[in-house]
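One structure is given here, and the rest of the page talks about it.
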Amino acid sequence: MAETVEPKSPPPKLSALPPTDYFTQTQWAILFALLDASLPSLATKSSIKDRKTQVELPDATFDKAYARVKEVCVDVPSEDVFRELLADRCSTDPEFIDNCKRFISGFPVDHKKALGDALHKLSTRVGAWFLTGYCTPYHQLPVHVQEKIILSWRQSWIPQLRVLAKTVQQMAQKAYFQTNPLFKKLSTYDDVPRNYEPGAAFDFRFLQFAAGSAAETIETDVVIVGSGPGGSVCARTLAEAGYAVHVVDKGYYFPPSQLPMPQPEACEHLFEQQGVVTSEDKSASLVMGTCWGGSGTINWSVSLQTQQYVREEWATKDGLPFFTSDRFQECLDRVCGAMGVSGDQCRHNHGNRVLLESAEKLGWEAKVAPQNTGGKEHYCGQCHLGCGSNEKMGPVVSYLPAAARAGAKFIEGFEVERVVFEDEETREKAVGVVGRWVSRDANGSVEGPLEERVTRRVMIKAKKVIVSSGSLWSPVILKKSGLENPNIGKNLHIHPCNFLAASFKEDVKPWEGGIITSYCTQFENLDNQGHGTKLEPTCMVPYAALASFPFASPLDAKLASLKYRHMNSFISLTRDRDSGYVTVDECTGRPRVHYTPSAFDAAHTLEGVVGLAKLCYVAGAVEIYAFVPWLEPFVRTTFPAAGGDGDGDGKGGQLSATELMDRDEEFAAWLGKVRELGNRPPLGVWTSAHQMGTCRMSSREDEGVVDPRGRVWGCEGLYVADASTFPSASGVNPMVTNMAIADYIAGNVVEDLKG
C-alpha cells in the first residue's frame with residue numbers, strides 16, 4: 001500500500017453547528033453575559049466608552065499592570081495595543097460564540113437542562129434576587145456588577161454557584177485562547193510548527209458501502225473495535241499470523257498534511273466531546289482521542305514501561321503473575337522496539353530543562369522520558385493536535401500500516417452499537433458486532449451534514465471479537481451488549497492531575513519542543529505502597545495550558561496573553577489509589593464519568609504542586625501560579641545576584657538557589673497558602689489524559705471483567721485489549737503498558753484460534 005507526501009493542506013472545516021434550541025434566546029443572552037463578565041472589557045476612566053459593557057479599571061491599576069508587562073515581557077506592546085487587549089469583548093467575536101455553543105452541544109441532556117434552569121432563574125426577578133442579590137435579570141445589569149456577582153459566587157454558600165462560576169470561567173477561557181485573534185498576534189503562537197514538513201500519508205483503503213436499508217454483512221476471523229494503541233497492536237499481531245482482520249473505529253483518519261490542526265478543529269475532529277469530558281460532579285476534566293489511531297494520535301510521545309513495583313502489585317496483590325514474567329517484559333520490549341522508543345535523542349526545551357536542572361539542584365530524582373519517535377529528535381510541542389511530521393510512531397504510523405501490509409482491512413466512521421452473540425439470551429459466545437457506518441462527504445471530508453452522507457447499518461460476523469475502545473467506551477459497549485457483570489465500568493482510574501505554571505524572564509515560546517522529555521519521581525511513593533505523584537512538564541498549546549487557569553481576576557487572564565510566551569506549565573500526576581466508575585447515558589448511549597478525587601489522592605497531588613513550585617523557584621521563575629482556586633500568584637522579589645548562583649549571604653559569599661529559597665519568607669508564606677486553600681474538588685482544577693481499569697483483568701470472575709488471558713469472563717470469543725484491563729493505575733503514561741498487554745492478549749487470541 002502506497003505512502004504519499006502531500007504539501008500542507010487546510011484542515012477539515014468545522015461541521016455545521018448543532019441545533020441550539022435547547023436554550024431560549026434569553027437563556028443564551030444570559031450565558032454570554034456570564035462569559036463576558038468572566039473576561040470583561042476593561043478600560044480606564046479616560047478611555048471607557050460604554051459603562052454598560054465595560055469595567056472601569058483604575059488608572060493606578062492600569063499603570064501598574066503595564067509597568068509589570070514592560071518589566072517581565074519581551075516585545076512589549078504599545079500602550080494603545082495594550083489598551084486594545086484589555087478592552088477586547090469576547091461576545092462580539094462570532095468564533096468565540098460558535099466555540100462556546102459547540103462545547104455546550106456536547107453536554108449530556110440533563111447537564112444542559114441543569115444549566116438552562118440556572119440561566120432561566122437568572123432571567124427572572126425572583127430568581128435573580130435569590131442568586132445575585134439584585135432584582136434585575138442578570139443580563140440587564142451593567143458588566144461591572146455582573147463581574148462582582150461571579151466573583152462572589154466563588155465563595156458562595158451554595159455549592160452549585162461555586163461550580164457554575166468555575167464552569168463559566170473555564171468555558172470562556174477555552175474559547176478565548178482558542179479563537180481570539182489578538183491573543184494569537186501578541187503571543188506569536190502559530191498553528192504551523194516551525195520548519196514544518198508533512199510526513200507521508202498512508203493509504204488505508206477504507207472499506208466503503210453503498211446506501212441501502214438492509215444491513216451490510218461482512219465475515220472475518222477477527223473484528224477489532226478501536227484503532228488506538230491496543231487495537232492496532234492486536235491488528236498487526238493477528239494479521240501477521242495469517243488471520244483475516246477487520247479494524248473498525250468511529251473516528252476518521254486525517255493525513256499528516258492536515259496536522260497539527262488549529263485548536264477548534266482539533267477539538268472537534270480529534271477529541272471526544274469537543275476536547276473535554278467532564279465528570280458528573282464537575283470536579284475533573286478528561287481528555288481522550290476519538291480519531292483514527294485513538295489516543296495514540298494525540299499522545300505526547302512519552303513511552304514509559306510499567307514500573308517494577310506496579311508489576312509486583314499486579315502479580316501478588318491481584319493474583320496475575322504474568323506481569324512479573326519474562327513474557328510481559330518481552331511484550332514491553334517488542335512494542336517499544338516497534339516504535340523506536342528511546343530517550344537518547346531528546347533535546348529538552350525550557351520547561352523540561354527547568355525540571356531536570358532544578359531537580360538536580362534540590363537533590364531530587366529526575367529522568368529523561370523516552371519517546372516513541374523512532375530515534376528522531378522530534379522537537380515539536382503541538383502533537384496534542386496531531387503529528388504532521390510522522391516522527392511520532394503512533395498507531396497510524398507504525399502498527400496499523402504494518403497490519404495493512406499483512407492484509408488487515410479497515411473501516412473508519414463506524415460506531416459499534418453492541419456485540420452480537422450466538423444466543424442473545426445466554427450471551428455465552430460472541431460472533432460479531434453491529435453498528436452504524438457514516439461515510440465521508442462528497443468532498444472526501446468529514447464536516448458535511450449527515451443527511452448528505454451515506455449512513456449504513458453494518459454487521460460484521462467474526463470468530464473472535466476484540467474490544468479496544470478505551471476505558472470509557474469499552475465498558476459502555478459491553479454494557480450496551482447486555483452483559484451484566486457488575487464490575488463492568490467500575491475501577492476507573494484517571495491519574496488525576498493538578499497544574500502549576502510559572503513565568504520566566506526568558507522568551508521561552510513554550511509551545512515549541514518536546515512536550516514531556518523529562519519527569520521527576522521524587523514523590524512517586526508517598527504512602528510506601530506505590531501511590532504518589534510524578535512531576536512533569538505539560539502541553540503548552542494555548543487552550544490546554546490556559547483554559548482551566550483559575551485566574552484571580554479578569555485582568556490577570558488578559559495579561560496571560562502577553563505572559564504566555566514566558567510561561568511553562570507543569571503537572572503533578574498522581575497514581576490514584578481510589579477509583580470511580582463509568583455508566584451509560586440513557587439518552588445518547590455515551591459514557592458518563594463518575595469520578596471525584598479522594599482526599600487521600602488529593603493530598604498526594606498537592607504535595608506534588610508544592611514540589612513543582614520549588615522547582616520553578618530554583619529555576620528563577622518571576623511569577624508562580626498554583627492552580628488553586630482564587631489564589632494570587634507568587635510574585636518574586638528576591639533573585640540571585642548577578643554573576644552568581646545565589647544572592648549575597650551577608651558575609652561576602654553567595655547563597656545557592658536552594659538556600660535562597662529556604663530563606664525566602666514570602667515564598668514560604670505563599671506555599672502555606674497553597675496548602676491552606678488546597679485542591680478540594682469540585683473547585684480544585686483536576687485534569688486527566690489517562691483513563692484505565694474499567695474492564696479490569698482479574699484472577700477471579702467476581703473481581704473483574706476479563707480473565708488473565710484477556711477473555712471476558714463467561715463469554716467465549718470476546719476479549720478486551722486496552723488500558724481498561726489494568727488492575728489499577730499504572731502510575732506512568734499507560735500507552736506502552738496498554739500496548740504490551742494487547743500484544744500478550746493478541747497472542748492468546750492466536751492460540752485460541754488455532755484451538
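Sparsely packed loop sites in the stretch 441-476 (the GluC sites (Glu not before Pro) outside DSSP H, G, I, E and B with at most 16 other Cβ atoms within 10 Å) comprise Glu447.
Rounded to the nearest 20 debye, the dipole magnitude of the chain is 1140 debye, with +1 charges on Lys and Arg beta carbons, -1 on Asp and Glu beta carbons, and the Cα centre as origin. Dipole size of the stretch 262-393 about its Cα centre, with +1 on Lys/Arg Cβ and -1 on Asp/Glu Cβ: approximately 260 debye, rounded to the nearest 20.
For the chain, what D do you get in µm² per second when you plug the Kirkwood radius from alpha-carbon pairs into Stokes-Einstein at 25 °C and 0.890 mPa s? Rounded, D is 92 µm²/s.
Shown in residue order for the stretch 193-198 are the 3J(HN,Hα) couplings computed by the Karplus curve 6.51 cos²θ - 1.76 cosθ + 1.60 at θ = phi - 60°: x, 4, 6, 5, 9, x Hz (x for Gly and Pro).
Between Glu424 and Val368, the contour length at 0.36 nm per residue exceeds the alpha carbon distance by 15.1 nm. The ranking of Lys754, Lys282 from fewest to most other beta carbons within 10 Å of each one's beta carbon is Lys754, Lys282.
For a 22 Å ceiling on Cα separation, which of these pairs sit above it: Lys250/Lys461; Lys505/Lys558; Lys174/Lys505; Lys166/Lys558; Lys409/Lys479? Cα-Cα > 22 Å for Lys174/Lys505; Lys409/Lys479; rest within. Shown for Met661, Met567, Met697: other C-beta atoms within 10 Å of each C-beta, ranked fewest to most, produce the order Met661, Met567, Met697. Projecting the Cα atoms of Met697, Thr306, Trp153 onto the charge dipole of the chain (Cβ charges, centred on the Cα centre) puts Trp153 farthest toward the positive pole. Over the chain, dividing the summed -39,500 (n - 2.57) contributions of all DSSP H runs of at least 4 residues by the number of residues returns a 222 nm mean residue ellipticity of -10500 deg cm²/dmol.
Amide H contacts of Gln54: Val143, each under 5 Å away and 5 or more positions distant or on a separate chain (H built 1.01 Å from N in the peptide plane; Pro and chain starts excluded). Looking at the stretch 117-165, which chymotrypsin sites (Phe, Trp or Tyr not before Pro) are in a loop (DSSP not H, G, I, E or B) and have at most 11 other Cβ atoms within 10 Å? Passing sites in the stretch 117-165 are Trp157.
With the Kirkwood sum run over all distinct C-alpha pairs, the stretch 562-601 has a hydrodynamic radius of 13.6 Å.
When each of the peptides 476-483, 19-26 is scored by the mean number of other C-beta atoms lying within 10 Å of its residues, the order from highest to lowest reads 476-483, 19-26. Here's the picture: charge each Lys and Arg Cβ at +1 and each Asp and Glu Cβ at -1 in the chain, and of Ala114, Gly620, Ser598 the one pushed furthest to the positive end of that dipole is Ala114.
Computed from backbone phi, the HN-Hα couplings of the stretch 610-622 come to 4, x, 4, 4, 5, 4, 5, 4, 4, 7, x, 4, 8 Hz, rounded to whole numbers (Karplus: 6.51 cos²θ - 1.76 cosθ + 1.60, θ = phi - 60°; Gly and Pro given as x). Here Val81 and Ser699 are evaluated by their C-beta separation; at R0 = 60 Å the FRET efficiency comes out at 0.40. Its Cα centre serving as origin, the stretch 25-187 has a Cβ charge dipole (Lys and Arg +1, Asp and Glu -1) of approximately 520 debye.
Size descriptor for the stretch 497-688, Kirkwood hydrodynamic radius: 17.9 Å (Cα pairs only, one decimal). Average 1/r across all pairs of distinct alpha carbons in the stretch 25-187, invert it, and you get the Kirkwood radius: 16.8 Å.
Each DSSP beta bridge with both residues in the chain is either parallel or antiparallel, and the antiparallel ones are about 65%.
None of the figures in this text is laboratory data; all of them are computed from the coordinates on show. Just so you know, these numbers come straight off a predicted model, no measurement behind them. Heads up, the Cβs are rebuilt from the backbone with ideal geometry, glycines too, and the neighbour counts pull from every protein chain shown.
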